Structures are given as structure tokens and as C-alpha cells.
1. So in segment 79-113, with the set limited to residues that are of a type in the set (Lys, Arg) and over 16 Å from the mean Cα position of the chain (by Cα), which one is modelled with the lowest pLDDT?
2. Of the residues Ile14, Ile56, Ile36, only one is over 22 Å from the mean Cα position of the chain (by Cα), closer than 30 Å to Leu83 by Cα and hydrophobic (A, V, I, L, M, F, W, C); which?
3. Which fully enclosed helices (runs of 4 or more DSSP H) of the chain have 3 or more residues being without any contact (Cβ under 8 Å) to a residue 24 or more places away in the chain, of a type in the set (A, V, I, L, M, F, W, C) and surrounded by 10 or more Cβ atoms within 10 Å (Cβ to Cβ)?
Amino acid sequence: MIYKGEGAKGLIEIPALFSHMLSYARLMAVGLASVILAAVINDLAGEMFAAGIAGIIGGVLLLAVGHSVNIGLGLISPFLHSLRLHYVEFFTKFYHGGGIRYIPFGAEREMEQ
């Protein structure tokens, strides 16, 4: 069907389809890494709780700092990875330039002096 619709150019794009699927799978892996990080923090803090009062204080600090960092990464990381995916991989396929050349204000005055 790709050959009938797009011709030989469509067949050339088949490997790109798989690379795009892998890029989206990477977004899924970023989310999964956040879950695993939370589980590791919980396990470490759980072991610290058995070590007495100092372990309880350290465990609470580890939980607070560890999950705060994980939430921060969870907020920023999917946004940045999906932004990169759209601009690097898809932007070049659908954007066609053709405007006028940018000439900043004052450029003509600077050249005259």
C-alpha cells in the first residue's frame, strides 16, 4: 500500500517509521525509569527505618529528597524528550522555509559607519 500511494519514495521511508516508533518507546522508558527510581528510594528508606532513630531520620530525609527529585524529573523529562522528538525528527519533514531573509534593525547603520 505504501508503494501504491507514495511510490519508491514511500518504500524509502519504511525504516524511518521504525525509528519513530523507537523514539516513542524511549518516551515510555523515561516514564518507566521514574517508577523504578521511586521503588529504589522506597526500598532504601525501608532498610534505613530498621536502623533505629538515626535511620528513621535519614530515611525520612531520603524519602523527601529522593521523591522530590523524582517528581522534578518526572515533570521536566517527558516535556523535553517529546519536544526533542517533534523538533528534531518531525519538524524537518513538515516545515518548508521560503520567507525573506532576516535583516536585524540597525544593521544598515552599522555598515555605513
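The values are calculated or read from the model by the stated rules, or taken from the named source; none is laboratory data. Just so you know, these numbers come straight off a predicted model, no measurement behind them. Glycine also receives a Cβ, built like all others from the backbone with ideal geometry; neighbour counts cover every protein chain displayed.
1. Here the residue is Arg109.
2. Criteria check complete, one pass: Ile14.
3. Result: 14-49, 53-84.
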